[in-house]
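Let me begin by presenting the structure, written as structure tokens, before commenting on it.
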């Protein structure tokens, strides 16, 4: 499986994610700006995705963070900027977002 994102700490120690050529910068920005290193928030989003993948809460919407609304639909996640309707949105498989969040959480 190709690596679409890179998680690292910058020179100040801040956890960050960048998208590779095949990744989506909106997804990386979602983790950088909305999830950050907030354990409880990250865990709540992980739980929401796991429930959706298990067949519950399909179509659930949540204005989760500072910039993005996360909408889950069984196997797809959509990220939309809640402040700028013209900003690009992103779609990613729920399973891929779940994996990214677990990897991100592992760096706390």
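Here are the numbers for this structure:
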{"quantity": "Residue 64 being within 14 Å of residue 92 (Cα to Cα), within 12 Å of the chain's Cα centre (by Cα) and modelled with pLDDT under 95", "calculated": "no"}
{"quantity": "Which listed residue is closer than 20 Å to residue 10 by Cα and either at pLDDT 95 or above or touching a helix residue (DSSP H, G or I) at 6+ places or on another chain (Cβ under 7 Å) (or both), from 77, 28, 58, 90", "calculated": "28"}
{"quantity": "Checking residue 18 against (1) modelled with pLDDT under 90; (2) under 14 Å from the mean Cα position of the chain (by Cα), the condition it does not meet", "calculated": "(1)"}
{"quantity": "Matching strands (runs of 3 or more DSSP E) fully within the chain where at least 3 residues are surrounded by 19 or more Cβ atoms within 10 Å (Cβ to Cβ) and in contact (Cβ under 8 Å) with a residue 60 or more places away in the chain", "calculated": "none"}
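The values are calculated or read from the model by the stated rules, or taken from the named source; none is laboratory data. In this text the structure is predicted, and so the values were computed from the model without any measurement. Note that each Cβ is placed from the backbone with ideal geometry, even for glycine, and that neighbours are counted across all protein chains shown.
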